[in-house]
Amino acid sequence: MSFFRIVLGFLRQRLFASLLTAASVAVGVALVAAILALRLESERAFSQKDTGFEVIVGAKGSPLQLVLNTMYHLGSPNGNIPLAVYEQLRADKRVSAMLPMVFGDNVGGYKVIGTAPEFFTTFRYRKNIGIQMAEGKPFEKNYQVVIGTEVAQRLALRVGDSVTIRHGLAESAEGAHEHGKMPIVGILAPTQTAIDKGVYSTMETVWDIHYHEYEEAQEEAEAAAAKARGEAVPEHKHEHHDHDGEHKHEHHDHEGEHDHEHHDHAIPPEWTTVTAMAVKLKSPIFFESFIRSVNEGTAAQAAMPIREIMALFEIVGNVNGVLLGISYLVIVIGVFSILVSLYTTLNERRREIAILRALGARRQTIFLLILSESVMIALVGGVVGIGLSQLGLYLAQDRLKASIGGNLTFAPFYTFDAWLLAGVIGLSALVALLPAIKAYRTDVARNLAPLS
Amino acid sequence: MPLLEITNLVKRLGRNNAAQNEQQFTLRIPHFALEQGAELVLTGASGSGKTTLLNLICGIIAPDEGSIKLLNTNIVGLTEAARDRFRAGNIGIVYQAFNLLQGFTALENVMLGAAFQKGNVDIPVRSEELLVRLGLKECLRRKPAELSIGQQQRVAVARALISKPALILADEPTASIDEANSATVIEEIRSLAREQGSTLLVVSHDKNIAQMFPATQAIHDFIAP
């Protein structure tokens, strides 16, 4: 009969108590493993630092909000800035490249990002890894969209389908732009970043549908006012005529998908705003001076994502540390419950120990037996705890994604799980020393009595 | 050469402490020997030192003086760990209170009898065979609490015999069972011991048991006052 089987036999003998102590260890381990996994994965999700653009420029306000909203689609934008500011900064000699972005609409709750075609060629989602197309191609003209992989999966969309852009950043049945229906020309390959959650089109598309909406609202208001004055209702002026202006673009019929034609027309400058700009500087030595010069102005602010995210993690890290500390304490209590269980049952076990000794078990064997029982309970508790944390994270994954944003994915096992398990086992062996020493010292002859 | 030979053994037990109402008892055995294959019943009144003698022989306690040679090995000179190993390989013990482990099945209890003996193979098979031979075929997977007293004693006998020990010590093996079962258990122990070539030393104050053995010796015959 193997030593392991003897240990199992004794654990089986006190099955309920063994399971209870293992459960208390499991709770602590599950908490710590979950918190560690959550911290690691959220840090990963928010450490998208190699985009090829080091600085984000946007409206004045919270720089963290600017970064979170631009990079991770979290929260609301600070506001918009005139296109002129973008053009002025693009002309800055320190700037190597700029990628403008305009937000304000959604498709099924996923943010619409009006941007430049360079987005597909210059933006990096990992170090030196550019955006790839999984299907279709990048947009080539206005009123075409490219969608991220998550948008495609969740909304069951394919290339050739059409989507309706709705006003605002939150999903709503209302607020569909009359002009907002357009075809999907491409689907991006998965990046495991917020890019997967975006709907991409040209900036002009976003401006245009907003301006159209404004024009229509104006016409309706004029008609209502004329009717109130008893005058003849003016004819529908909004006929999508060509406008002369700087921001000319063409809208063609899209295979009958649109109930509205998009003609060339100019959009007044006040409608051509930019929500954020990703900026690549020619050299790191310009970082500070560029940020300073933008921030000193009144039109916009500049922020470095890596700096803002690190500041965020510093704040979150303190809370995380407290949670982690409490969870470690739960583990310690769990492991000490093993000690209590072993120690309190030791007196009633003295006869069993004496029997084993009489059968030829050495003192060291008895010592190891008690230690092994403790380790086995901790091992079962630890493994169950890690399993529970994985199960919990898996079940909460969607909710966490929704609340944290980013693409939060959890691995089935982490290196720290192994360390956690080793730590719990080590601690269980340590606390078992006391009962093991007492068991080691058991007086065989006295505890076998009465023999006759 | 005898299998077991005790010479000039002295073991002092208890403290001469009147406050604790505990008196000192000294067991002195100038000489005692047991030949290979012998079957001996050792009789004596309660408190005469029979159990102490068995504990000394199996090395659970060490004497203050003298030697105990078993299989030509003076176990008094061994370390405690070596005595444990020696006991595991050469001595089987049957207790009055059976001393079965309650969390283990009958089969596991028997297997435990050889768990600490080195180089033992086919123990599960032999344990099962032994229990079947003792009429416990239906009880292999039962825990001691699910067995009758007689069945428990048979499991204890099987455990003592599983490692084929050179010496079997039985301390009042029938004290907890009825007369009908007593004779059966003693016959089973004797029969199995003979088959294995084991020497048998039984401690009992039961005259009926003593009459079943070819040799009986009172402890007072060889202990010194």
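The values are calculated or read from the model by the stated rules, or taken from the named source; none is laboratory data. Since the structure is predicted, the reported quantities are computational estimates derived from the model, not experimental observations. No Cβ is skipped: glycine too gets one built from the backbone with ideal geometry, and neighbour counts run over all protein chains shown. These accessible areas exclude ligands, DNA and RNA; they are computed on the full protein's heavy atoms, side chains included. Shrake-Rupley method; radii C 1.70, N 1.55, O 1.52, S 1.80 Å.
Taking GluC sites (Glu not before Pro) across the stretch A:69-137, the ones in a DSSP loop with at most 16 further Cβ atoms lying within 10 angstrom of their Cβ are A:E118.
Using DSSP, restrict attention to beta bridges with both residues in the protein assembly as shown and report what percent are antiparallel, rounded to the nearest 5. Rounded to the nearest five, the antiparallel share is 70 percent. Gyration tensor over the Cα atoms of chain A: the corresponding equivalent ellipsoid has semi-axes (square roots of 5 times the eigenvalues, largest first) of 67, 23, 18 Å. With a ≥ b ≥ c the root eigenvalues of the C-alpha gyration tensor of the stretch A:177-228, is it rounded (a/c under 1.5), prolate (a/b larger than b/c) or oblate? Because a/c hits 1.5 or more and a/b exceeds b/c, the stretch A:177-228 counts as prolate. Taking a sphere under 13 Å around the Cβ of B:A33 and counting the other residues whose Cβ falls inside, with K and R at +1 and D and E at -1, yields a net charge of -2. Normalised by 2.2 N^0.38 Å, where N is the number of residues, the C-alpha radius of gyration of the stretch B:145-188 stands at 1.14.
For B:T7 and B:T79, the difference between the fully extended length at 0.36 nm per residue and the C-alpha to C-alpha distance is 24.0 nm. The accessible-area loss of the stretch A:1-38 on complex formation, taken against its chain alone with a 1.4 Å probe, reaches 30 Å² or more at A:M1, A:R5, A:I6, A:R12, A:Q13. Protection proxy ranking for A:425-437, A:5-17, A:269-281, using the average of other Cβ atoms within 10 Å per residue and placing the highest first: A:269-281, A:425-437, A:5-17.
Take each residue of peptide B:207-216, count the partner chain Cβ atoms within 10 Å of its Cβ, and average: the result is 0. Taking the helices alone, chain A has a mean residue ellipticity at 222 nm of -17500 deg cm²/dmol, built from -39,500 (n - 2.57) per DSSP H run of at least 4 residues and averaged over all its residues. Once the partner protein chains are put back, the stretch B:106-143 shows a loss of at least 30 square angstrom of accessible area, versus the chain by itself, at B:E108, B:M111, B:L112, B:A115, B:F116 (probe 1.4 Å, ligands and nucleic acids excluded). Going by the alpha-carbon gyration tensor, a ≥ b ≥ c the square roots of its eigenvalues, is the stretch B:37-115 rounded (a/c under 1.5) or, if a/c is not under 1.5, prolate (a/b greater than b/c) versus oblate? It comes out oblate by the Cα gyration axes.
Listed peptides B:43-49, A:210-216 appear in the order A:210-216, B:43-49 once ranked by packing, highest mean of other Cβ atoms within 10 Å at the front. Zone of B:H220 (label point 7 Å along Cα→Cβ, backbone N under 14 Å): which residues in the stretch B:47-70? Under 14 Å, as judged by backbone N against the label point of B:H220, lie B:47-50 of the stretch B:47-70.
Spin-label model, A:N318/A:I333: points 7 Å from Cα along the beta carbon direction are separated by 2.5 nm. Axis angle, to the nearest 10 degrees, between helix A:63-72 and the longest C-alpha principal axis of chain A: 90 degrees.
With 10 Å bins beginning at zero, the pair-distance distribution over Cα atoms of the stretch B:131-225 amounts to 14, 46, 31, 7, 1 %.
Averaged over the residues of A:362-372, the number of partner chain Cβ atoms lying within 10 Å of the residue Cβ comes to 2. Cα-based values for the stretch A:60-170, radius of gyration first and Dmax second, are 15.1, 44 Å.
If a spin label sat at a point 7 angstrom from the Cα of B:R133 along the line to its beta carbon, the backbone N atoms of the stretch B:158-190 nearer than 16 Å would be those of B:158-168, B:185-190.
Each Lys or Arg adds one and each Asp or Glu subtracts one; over the other residues with Cβ under 15 Å from the Cβ of A:I315, this totals -1. For chain A, take the longest principal axis of its alpha carbons; what is the angle in degrees between that and the long axis of helix A:415-431, to the nearest 10 within 0 to 90? Its long axis makes an angle of about 30 degrees. Classified by the C-alpha gyration tensor, the stretch A:1-42 has an oblate form. Its axis ratio a/c, with a ≥ b ≥ c, is 1.5 or above, and a/b does not exceed b/c. So what's the angle, to the nearest 10 degrees on a 0 to 90 scale, between helix A:363-404 and the longest Cα principal axis of chain A? So the helix axis and the longest Cα principal axis differ by about 10 degrees. Interface A-B: total buried accessible area of about 2600 Å², 1.4 Å probe, protein heavy atoms only.
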